[in-house]
Amino acid sequence: MKKTIRHRAVDILSEVGKSRAFAGDLLDTALEERHLSGTADGRLLTHLVYGVLRMQGRLDRILAAFYRGNYDGMEEDIRNILRVGLYQLLFSDRLPAFAVVDEAVKTAKRKSPAAGGLVNAVLRSYLRNPGGASYPCRESHPDEYLAAFHSHPLWLVKRWRDAFGTTETEALCRADNDVPPVTLRANTLKISRDDLAQTLARADFPSEPGRYSPDGLILSDPPRPVQKTTFFSEGLFRLQDEAAQLAGYLVGPQAGESILDACAGSGGKTAHLAALMENRGRIVAMDRDKTKIARLRRDMLRLGVSIVETVEADLNGPLSAAWREKFDCVLVDAPCSGTGTLRRNPEIRWRLSASEPERLAEIQLAILHNAAAAVRKGGRLVYCTCSLLACENDGVIRRFLKDHPQFSVAPPSASVPEGLQDSRGFFRTYPHRHGLDGFFGSVLLGRI
């Protein structure tokens, strides 16, 4: 029997949980293999997968209230069938309630008759008493309420309330559960932003300029995945949130400079640096992951970048002497918790533990220390993360400067829009304040 779209959503959700793969990668594969890109079924599949991941905490709280047993011990596939069913009942009106339950039961029966009975009982119990699952009192237990209702880990909500207060934390959680816009960076090595907007408009991809990045375009309800177009294969743009684009401006690369991108990954910021340098100078893109290095090389070819050389190296250990004081600027886009990107990668919130940010902060500090050795006297060291946790941001910078007095924090950069830097010059963006992914960045200047 052919699997329905809702069954395929369950399969993807279970794979996300079992393999720690990212939903976006699994969706891309499924849409490609099933020829669903740009179709109503493809949009439904994407809607269900991301919707369930965003609201998983709230869904689980409700389902646990109607399940007579240990919900946490339930088989993951069955839980995902229930999650997909309940998500539709709560947040979607595409199918009437009886049809949602019927399809969930049919999906479960492919596992076993008993699974079908369980799913039927739980979902119908909810329909008989939709108010049967209560939430903590908002006034007396604000942390627990925000975590349950807005579907975020309790430990993260507590940290955000300590940092931002209740009102801002709730706004941040709400923003994390919104569908983020499709944002492009025009590849100015090949086309201007205005010309790209006109080119896309002629192909039925209306857009508007980004609010903050001079290279950014926001697509308005794209009719199909824009990365499947010839404009993408021709290298006219890269998918990239405006916050990540602004990180390139924070670096402030100049044509002819020598830049080290110390944690280059698949090269999103590398390519932008090359464009800002007008393909003149030298960029060394360094990463320890061979797969990411290979993807970076392919993307540089697509985008027409010719000044990048790649190096496989692990910045958790010291750089070789050959790299010492060789670069005008070193960018450390450090591996981090990703708490600023929960609206794009909602699965992250269920993978992180309360101790993970502090563990990552130790790695970040070690990488920053090792990368600093590559900065020429008087050069720049730029540190950034997509985290909203102080221990990974201000805390790392404070600890680094204590041990490296030859560096100091640069004043706010004129190339970054006003309002996105604080009085110390730290670059900060927030989903709920700016409609961007959450980013932190700092420029450190070395003494001559």
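None of the figures in this text is laboratory data; all of them are computed from the coordinates on show. This one's a predicted model, so the numbers in the text were calculated from it and none came from an experiment. As a convention, Cβ positions derive from the backbone with ideal geometry for all residues, glycine included, and neighbour counts pool all protein chains shown.
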message: Defining a contact as two alpha carbons under 8 Å apart and six or more residues distant in sequence, what relative contact order in percent does the stretch 325-396 show?
response: 55 percent
- prompt: ³J(HN,Hα) across the stretch 182-188 via Karplus (A = 6.51, B = -1.76, C = 1.60, θ = phi - 60°), whole Hz, x for Gly/Pro?
  reply: 7, 10, 10, 10, 4, 7, 6
message: If each DSSP helix of 4+ residues adds -39,500 (n - 2.57) and the sum is divided by the residues in the chain, what number results at 222 nm, nearest 500 deg cm²/dmol?
response: -14000 deg cm²/dmol
- line: Candidates Ala21, Ala271, Ala321; GNM for the chain (alpha-carbon contacts under 10 Å) flags as most fluctuating Ala321
Residues with amide H under 5 Å from that of Cys329, placed H, sequence gap 5 or more: Ser258, Leu260, Arg380
- request: Consider all pairwise Cα distances in the stretch 242-446 and report the whole-number % of them above 23 Å.
  value: 41 percent
- request: Starting with the fewest neighbours, write out Tyr135, Tyr430 ranked by other beta-carbon atoms found within 10 Å of each beta-carbon.
  value: Tyr135, Tyr430
task: Return Lys269, Lys228, Lys158 ranked ascending by Cβ neighbour count within 10 Å, so the fewest neighbours appear first.
output: Lys228, Lys158, Lys269
query: If Lys and Arg each add +1 and Asp and Glu each add -1, what is the summed charge of the other residues whose beta carbon sits under 15 Å from the beta carbon of Lys3?
result: +2
field: Computed E for Glu309/Lys190 - FRET, C-beta separation, R0 30 angstrom, nearest 0.05
entry: 0.90
- prompt: Taking the alpha-carbon centroid of each part, what is the distance from the stretch 350-392 to the stretch 1-72 in angstrom?
  reply: 33 Å
statement: Ordered by fewest other Cβ atoms within 10 Å, a rough proxy for footprinting exposure, Glu33, Glu347, Glu356, Glu325 read Glu33, Glu325, Glu356, Glu347
statement: Once normalised by the length of the chain, the mean sequence separation of its alpha carbon contacts under 8 Å that are 6 or more apart gives a contact order in percent of 12 percent
message: At a threshold of 8 angstrom on Cα-Cα distance, excluding pairs fewer than six apart, so keeping six or more, what relative contact order does the stretch 5-128 reach in percent?
response: 25 percent
query: Using the beta-carbon distance between Tyr135 and Asp25 and R0 = 51 Å, what value does 1/(1 + (r/R0)^6) give for FRET efficiency, to the nearest 0.05?
result: 0.95
Ratio Rg/Rh, restricted to the stretch 1-83 and using Cα atoms, in which Rh is the Kirkwood radius: 1.00
query: Once both axes come from the Cα atoms, what is the angle between helix 394-403 and the longest principal axis of the chain, in degrees from 0 to 90, rounded to 10?
result: 30 degrees
- prompt: Within the stretch 151-299, how many lysine pairs that are 8 or more places apart, or on different chains, have C-alpha atoms less than 21 Å apart?
  reply: 5
query: In debye, nearest 20: dipole of the stretch 5-128 around its Cα centre with unit charges on the Cβ of K, R (+) and D, E (-)?
result: 480 debye
query: Roughly how tilted is helix 113-128, in degrees to the nearest 10 and between 0 and 90, from the longest Cα axis of the chain?
result: 90 degrees
- request: Please give every one of the lysines within straight-line cross-link reach of Lys377, meaning a C-alpha to C-alpha distance under 23 Å, and leave out same-chain neighbours fewer than 8 residues apart.
  value: Lys326, Lys402
For the chain, built as a Gaussian network whose Cα springs stay under 10 Å, the top-fluctuating residue of Ala371, Ala294, Ala104: Ala294
task: Could you pull out every one of the lysines with an alpha carbon less than 18 Å from that of Lys2, ignoring same-chain neighbours closer than 8 positions?
output: Lys106, Lys109, Lys111
query: ³J(HN,Hα) across the stretch 432-448 via Karplus (A = 6.51, B = -1.76, C = 1.60, θ = phi - 60°), whole Hz, x for Gly/Pro?
result: 7, 8, 10, x, 10, 4, x, 9, 10, x, 9, 9, 10, 9, x, 6, 7
- prompt: So what's the angle, to the nearest 10 degrees on a 0 to 90 scale, between helix 76-91 and the longest Cα principal axis of the chain?
  reply: 90 degrees
